[in-house]
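Take a look at the structure set out below.
Each value in this text was obtained by applying a stated rule to the coordinates, not by laboratory testing. Everything numeric here is computed off the predicted structure, so don't read it as measured data. Positions of Cβ are generated from backbone atoms using ideal geometry, with glycine treated the same way; all protein chains shown enter the neighbour counts.
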Amino acid sequence: MDFFAEVGLFLAEAVIIVTAIIVVLIAIAAVSQRRKDGEEGYIEVRRLNDRYTAFHDAVRSFTEHAETRKVREKAEKKTAKADQKLAKKKAKEEGSDFGSSDSKDDEKSGSRLFVLRFQGDISASETESLREEISAIAPELRKGDEVLLCLESPGGMVHSYGLAASQLQRIRSTGATLTVAVDKVAASGGYMMACVGDRIISAPFAVIGSIGVLAQLPNFHRLLKKNDVDFELLTAGKYKRTLTMFGENTDDGRAKFVEDLEDTYDLFKDFVAINRPVVDIDSVATGEIWYGQRAVDQNLVDELSTSDAYLQTRLAETEAFEIRFVAKKSWQEKFGMAAGAGIERTFLRLWQQGASRLLP
């Protein structure tokens with residue numbers, strides 16, 4: 001009976017898996033038919049000062065002695081009352097001198113910190129979110145403000161990261177300071193983005209550099225020829241296609257491909273040299289990578305710090321806001337994600353059951 005019960009359970013779970021896979025395929029098909037006007041979403045703003053203060057208060061509530069807490073709370077109330085009184089006085093003075101140059105200068109005083117995050121993949125797919133976030137804050141940025149970009153990327157396609165770097169140049173054009181923080185990696189296209197910053201900070205063992213260009217592709221011509229399979233590639237224009245995966249590549253095609261690769265490499269070097277003139281571009285544009293401390297020695301990075309340490313230091317000095325673009329997902333996407341999570345849980349449960357049966 002136990003055997004038949006287990007077989008029945010297995011069949012039921014198999015049906016669930018097959019059904020879930022079908023649902024995911026339907027969801028993928030629906031996503032591919034997404035409307036042409038692109039993704040819609042909204043900007044989410046979070047005040048980081050409040051977030052970290054809440055964290056601190058939560059820990060302090062358990063570690064602080066009662067008497068010490070009473071003294072501190074009394075002092076904080078006194079300070080808050082004084083600040084409120086000062087704010088009212090300032091508002092009254094600005095109201096009486098409305099339109100004067102002094103009041104306008106006061107209105108614009110006080111820098112702010114805006115925090116953005118970018119997690120890069122081979123196609124720099126988060127560029128779409130980055131451009132929306134920058135479009136949201138650019139009209140609000142003023143001289144004295146700072147944008148902190150927490151960047152993690154091993155690089156990827158040249159045109160994708162070129163666009164991402166161009167988005168960051170929009171921040172520089174506002175007069176605000178752009179600081180780039182790298183905790184793990186900013187290599188190749190990732191460093192193309194990082195070098196746009198006025199300042200780059202990195203963790204001691206973050207991977208930095210890899211200024212170079214790479215291209216590789218397999219060629220199946222000999223395999224097809226061995227099996228009497230013909231492949232025809234028709235083009236108009238001598239260099240419309242230089243290398244191919246299935247046809248026979250020529251020396252002329254290879255030479256042109258390398259020439260294009262070298263041109264892209266020169267553009268990459270020029271971009272880094274213009275945006276970060278302190279580096280000796282010929283010595284660092286070798287495709288090598290450096291860890292944080294070595295990157296400082298090469299002037300690829302300005303100082304060593306984690307993004308968390310830098311952010312907490314700045315929180316003591318200014319107001320900080322984290323900006324995030326949240327794309328709205330269709331019901332098909334949400335359903336597909338839920339189905340995918342269900343499949344993952346089912347497979348995990350089956351694996352655990354199988355592993356338990358194997359154990360003595």
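Would you mind ranking Glu317, Glu288 so that the residue whose beta carbon has the fewest other beta carbons within 10 Å leads the list?
By the 10 Å Cβ count, ascending: Glu317, Glu288.
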FRET efficiency for Arg142 and His65 from the Cβ-Cβ distance with R0 = 41 Å, rounded to 0.05, comes out at 0.40
Residue-span extension gain [Gln169 to Glu13] - 0.36 nm each, minus C-alpha spacing: 50.9 nm
For a quick size check, give me the Cα extents of segment 153-200 along its three principal axes, largest first, whole Å. 29, 24, 10
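If Lys and Arg each add +1 and Asp and Glu each add -1, what is the summed charge of the other residues whose beta carbon sits under 12 Å from the beta carbon of Thr63?
Neighbourhood net charge equals 0.
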Take Lys85 and Ala309, extend 7 Å from each Cα along the Cα→Cβ direction, and tell me the distance between the two endpoints in nm. 4.1 nm
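May I ask for the equivalent-ellipsoid semi-axes of segment 180-238, computed as the square root of five times each C-alpha gyration tensor eigenvalue and listed largest first in whole Å? Each step should come with its number before you reach the end.
Values: eigenvalues 386, 48, 9 Å².
So the equivalent ellipsoid measures 44, 16, 7 Å along its semi-axes.
Tell me, Phe257, Phe231, Phe114 in order of fewest to most beta-carbon neighbours within 10 Å?
Phe231, Phe257, Phe114
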Efficiency of FRET between Ser123 and Val258 - r from beta-carbon atoms, R0 25 angstrom, step 0.05: 0.55
As a quick test, which of the pairs Lys143/Lys184; Lys269/Lys328; Lys78/Lys143; Lys240/Lys328; Lys70/Lys92; Lys184/Lys269 have an alpha carbon distance above 28 angstrom in this structure? Lys143/Lys184; Lys269/Lys328; Lys78/Lys143; Lys240/Lys328; Lys70/Lys92
Along each of the three principal axes of the Cα atoms of segment 117-177, give the extent in whole Å, ordering the values from largest to smallest. 33, 17, 15
Principal axes of segment 243-295: Cα extent on each, largest first, Å: 46, 22, 14
In terms of the ratio Rg/(2.2 N^0.38 Å) built on C-alpha atoms, what value belongs to segment 186-313? 1.47
Radius of gyration and maximum dimension Dmax of segment 276-318, Cα, Å: 13.6, 40
How far apart, in nm, are two points set 7 Å out from the Cα along the Cα-to-Cβ line at Leu25 and at Asn219? 3.7 nm
